[in-house]
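Notes for the one structure printed next.
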Amino acid sequence: MKNTAKSIDSGRRGFLIAGAGMTAMLAWPPGRAGAADFPSGPIEVVTHAGLGGGTDTTARMLLIRTRRNLKVDAVVNPKTGGGGRVAMSYVKNRPADGHTVMAITPTHLFTMAQGRAPLGIDDIKGVVRSTDDPIVVMVRGDSPLRTMEDLVAAGKQTPIKWGTTQIGGVDHVAAATFGKEAGTQIAVVPFEGGGEIVTNLMGGNIQAAGLNVTEAKDQLERGDFRALVSLTEKRMRSLPDTPSAGEKGVNAFFSTVRGIVVLNDVPEERVQILEAAMLKAMKHKTYQGYLTGNGLDADSIAGAEVWDRQIRRMYADARRALLDLGMVKQ
């Protein structure tokens, strides 16, 4: 009898323990499972750009070593169109479990700032920054405008014909903000993309442009283009002889950044796992070689804290600039 009672008592304890475990599982919201079972499947990186572009290539380079670090497959899933709206809409409807991440650029942030995005800035959080490619004000190598001061002085007489991409995008806002902060006149000339801007600057159809080093690296090295000022707080390592907007007292800081974000509801422990795996991947010589080949350096990469702070600052700057330009309402 004692053995039987002991057996029954043990069974009750087992049932109670199992029941408590089941209750805890039911109380834990979907997508909130801990880090122990993560990742349990492939990582999907959603992009807004077409195959072969800078965002697509950067994402694929990032994943080369990330797959090994996470020990699962990882794929790029392009969702193009709408200034990132298609990609954001897709991600919004995916589980917030960390298996779906999104590669973003300033395009997404400007779409949010214009109030045209299915996600808001508080709906996402940063994981890692994969590139930081500041905008640099460039002119032709034979231009009489040899310094930022020359450009500003000329613009006070006649508006500078300045090549940019779509109206309301980062390149346009960077040009307008620079003109305002430097006290000169800018006449933006929109083009389809960086390649067209480079061609038209080479051809003398425009006087200046805000370009990334990755877009005009060859022209700078050959002397076809001259860099007048980088729209950064401090000088760039890759352009040590080019002054920064910060040191010139011009409050206009813009960069074509790329990085990975997740929905804000993704558990923090899962974000940390993704962050660690991706940072390790980007510190590998394979990814570092990719950066160097594009005129960038190790400062391009950053972890979640730095990246999240940067995207929120960029969003706030975009919102303020668009308000100043009268392109959005308060």
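Read the figures in this text as sums done on the coordinates, not as results from a lab. Keep in mind the model is a prediction, meaning the values are calculated, not measured. Neighbour counts are summed over all protein chains in view; Cβ atoms, including those assigned to glycine, are modelled from backbone coordinates with ideal geometry.
Points to keep in mind about this one:
- Scanning residues 5 or more positions from Val257 or on other chains, those with amide H under 5 Å from its amide H are Asp133, with H placed 1.01 Å from N in the peptide plane.
- Convex hull of Cα atoms in region 216-262, direction-averaged projection (nm²): 4.3
- Residue-span extension gain [Glu268 to Gln114] - 0.36 nm each, minus C-alpha spacing: 52.6 nm
- Two-site label geometry, Arg309 and Ile167: point separation in nm, points 7 Å out along Cα→Cβ: 3.7
- Under 5 Å between amide hydrogens, built in the peptide plane, is the criterion, and for Ile186 it picks out Ile160 among residues at least 5 positions away or on other chains.
- Nearest-20 debye value, region 133-230 charge dipole, Cβ charges on Lys, Arg, Asp, Glu: 300
- Cα-based radius of gyration for the chain, normalised by 2.2 N^0.38 Å, reads 1.23.
- Normalised Debye scattering of region 49-170 at q = 0.11, 0.14, 0.15, 0.23 Å⁻¹ gives log10 I(q)/I(0) of -0.54, -0.76, -0.83, -1.45, counting only Cα atoms as equal scatterers and leaving out solvent.
- Each residue of region 96-107 was assigned a 3J(HN,Hα) from its phi angle through the Karplus expression (A = 6.51, B = -1.76, C = 1.60, θ = phi - 60°), giving 7, 10, x, 7, 10, 10, 10, 8, 10, 9, x, 3 Hz with x at Gly and Pro.
- The modelled label-to-label distance for the pair Leu325/Glu247, using points 7 Å beyond Cα in the direction of Cβ, is 2.8 nm.
- Cross-link pairs beyond the 21 Å C-alpha cut-off, checked among Lys156/Lys248; Lys180/Lys248; Lys71/Lys285; Lys92/Lys125; Lys156/Lys217: Lys156/Lys217
- Paramagnetic label reach from Arg222 (point 7 Å along Cα→Cβ; backbone nitrogen cut-off under 18 Å): within region 195-209, residues 195-206, 209.
- Multiplying the residue separation of Arg94 and Lys71 by 0.36 nm and removing their Cα-Cα distance gives an extension gain of 6.1 nm.
- Note that region 133-230, at 25 °C in a medium of 0.890 mPa s, gets a Stokes-Einstein diffusion coefficient of 190 µm²/s from its Kirkwood radius over C-alpha pairs.
- Counting only DSSP beta bridges with both residues in region 133-230, the antiparallel share comes to about 55 percent.
- Most mobile listed residue (Gly53, Gly295, Gly155) in the chain, GNM with C-alpha springs under 10 Å: Gly53
- Restriction of the trypsin sites (Lys or Arg not before Pro) in region 234-328 to DSSP coil positions whose beta-carbon has at most 13 other beta-carbons within 10 angstrom yields Lys234, Arg237.
- Cut-off under 5 Å, modelled amide H: who pairs with Thr164 long-range: Val189, Phe191
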